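What follows is a short report on a single structure.
The values are calculated or read from the model by the stated rules, or taken from the named source; none is laboratory data. Here the structure is a predicted model, which is why all the values come from computation and not from measurement. Please note: Cβ atoms are built from the backbone with ideal geometry, for glycine as well, and neighbour counts cover all protein chains shown.
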């Protein structure tokens, strides 16, 4: 089980999770890996390696990028790159680095009903690889709308807890069919769709 969307105090001022709490909670909840997705920031490689060694489980890196067309979860970039506030530039950079990008919580701000999407979301959809259809911080209605949108467009869906507090960590995760031992294999398995969504709040998969 891998947590795909979590923030810590080290890179996201809105989070209350310390690195030590991240490790402790991940272990207690039986996670095999945690992908840290700070807002517009990535940890130094040595910091990730040190936390991995301390944790006894795999720590991966992604990023939640604030773009002109909404928030996008990115996996496979080496760092925050100049100009990626513009989603088209971000798309170009992700392609150059063979990464993967997911539109995060698309209905959180613009919710007006299952079949109503904002202009920003509509413009973003052709530029992403998938949609976050289960977000642990969103309402059931918001997640349902995201699921229906992804299904209608034939886009893959992922899950993430979007944890900002330790008790949120690991509530919505991906269960990969094969071993994920780094960002490269994470992206590979995402592209292949070899995973299932697990919502531990409802016990559904």
Return the only residue of 22, 31 being part of a helix (DSSP H, G or I) and touching a strand residue (DSSP E or B) at 6+ places or on another chain (Cβ under 9 Å).
22
Any residue at all in the range 91-99 that is exposed (fewer than 15 other Cβ atoms within 10 Å of the Cβ), modelled with pLDDT of 95 or more, touching a strand residue (DSSP E or B) at 6+ places or on another chain (Cβ under 7 Å) and under 28 Å from residue 180 (Cα atoms)?
no
Specify the residue that is farthest from residue 164 (Cα to Cα); the eligible residues are those in the range 12-25 that are touching a helix residue (DSSP H, G or I) at 6+ places or on another chain (Cβ under 7 Å) and buried (at least 18 other Cβ atoms within 10 Å of the Cβ).
23
Out of 181, 175, I need the residue that is within 19 Å of residue 36 (Cα to Cα) and in a loop (DSSP other than H, G, I, E, B). Which one?
181
Among the numbered conditions (1) at pLDDT 95 or above; (2) in contact with a helix residue (DSSP H, G or I) (Cβ under 8 Å, 6 or more places away or on another chain); (3) closer than 20 Å to residue 158 by Cβ, tell me where residue 57 comes up short.
(1)
Considering only residues of the range 34-71 that are over 30 Å from residue 118 (Cα atoms) and assigned to a loop (DSSP other than H, G, I, E, B), which is nearest to the chain's Cα centre (by Cα)?
43
